[in-house]
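Have a look at the structure below, then the notes.
The values are calculated or read from the model by the stated rules, or taken from the named source; none is laboratory data. As the structure is a prediction and not an experimental result, all values here were calculated from the model. Neighbour counts are summed over all protein chains in view; Cβ atoms, including those assigned to glycine, are modelled from backbone coordinates with ideal geometry.
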């Protein structure tokens with residue numbers, strides 16, 4: 001069986017060799033070609049490492065084993081893989097029988113705001129007419145040609161960015177905006193050792209007294225019996241500490257913010273935390289690791305297969321601990337999009 005090993009920052013060849021069982025031909029790489037069809041993939045890293053390889057894993061339907069080597073490892077833990085030892089046992093079972101593959105959902109994030117400038121660039125036809133006219137005046141020809149070449153390159157770059165922005169980004173764990181995104185940003189700037197030893201919790205503590213709640217709007221598809229012009233209706237629209245959208249129940253090293261989330265139920269769980277003060281946030285975080293925060297009066301919790309998040313000013317969206325884009329965004333669930341190797 002041909003297997004690709006996708007290495008994160010802490011993975012090395014010595015660890016890869018432990019998974020090189022009889023009948024297995026492992027080759028290593030930093031990326032996976034979506035058109036490739038290996039028998040399986042081994043992702044050695046944390047949530048962020050898996051996040052970066054989700055698109056080809058979804059497109060190719062390749063069974064993957066997640067070997068937890070990151071700071072939080074919430075996705076691997078949700079799959080029942082708590083250590084390298086667990087991953088190796090699951091791999092041995094897969095190689096010998098191939099029966100321990102579970103189909104799980106994936107989430108998508110699509111940036112909604114156009115990247116095109118407010119003023120449209122000059123069309124190619126208009127450019128051609130102006131360029132032909134300039135050839136009658138040699139002194140003016142170069143003056144017209146240079147800026148037009150630059151404008152053409154700019155148009156190409158803008159269209160390319162717009163195309164990339166319109167493509168969905170996959171996530172497997174939890175996506176969020178607000179306080180947790182700022183904590184994610186700070187945690188990602190820490191050393192790898194610190195990230196693995198409570199980095200997110202420390203980053204959240206540092207963010208606690210500096211973060212100011214911002215208005216966040218969560219919209220859901222309008223019901224058929226009450227259609228709207230754009231097909232959406234605002235479910236929540238108020239200042240918030242954060243809004244998290246989960247495919248798994250935990251992130252950040254065990255914070256059970258979307259505590260009811262299941263990886264194969266065809267839904268995304270949304271936890272909206274209203275704008276509260278630092279002392280209330282402290283009490284909130286004491287309960288979030290056990291998942292007992294859902295009964296708090298400033299928590300709004302819902303489940304849906306599709307939603308939109310917008311803010312008064314663009315705010316960063318992080319998913320699986322990685323920066324994705326800025327608001328506004330649309331999030332959807334893709335049922336049974338991934339094939340995960342478990343215990």
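When you scan the stretch 257-284, how many residues do you find that are out of contact with any strand residue (DSSP E or B) (no Cβ under 8 Å at 6 or more places or on another chain) and modelled with pLDDT under 95? Number satisfying all stated conditions: 6. When the strands (runs of 3 or more DSSP E) confined to the stretch 214-288 are screened for residues that are in contact with a helix residue (DSSP H, G or I) (Cβ under 8 Å, 6 or more places away or on another chain) and under 19 Å from residue 311 (Cα atoms), those reaching at least 3 such residues are found at 232-246.
Here is a check on your reading of the model: is residue 210 within 17 Å of residue 178 (Cβ to Cβ), in contact (Cβ under 8 Å) with a residue 24 or more places away in the chain and surrounded by fewer than 22 Cβ atoms within 10 Å (Cβ to Cβ)? It is false that residue 210 is within 17 Å of residue 178 (Cβ to Cβ), in contact (Cβ under 8 Å) with a residue 24 or more places away in the chain and surrounded by fewer than 22 Cβ atoms within 10 Å (Cβ to Cβ). Among the residues making up the stretch 34-72, those that are under 19 Å from the mean Cα position of the chain (by Cα) and either free of Cβ contacts under 8 Å to residues at least 40 places away in the same chain or in the same structural domain as residue 173 (by TED's automatic domain parsing) (or both) are 34, 43, 44, 45, 56, 59, 60, 68.
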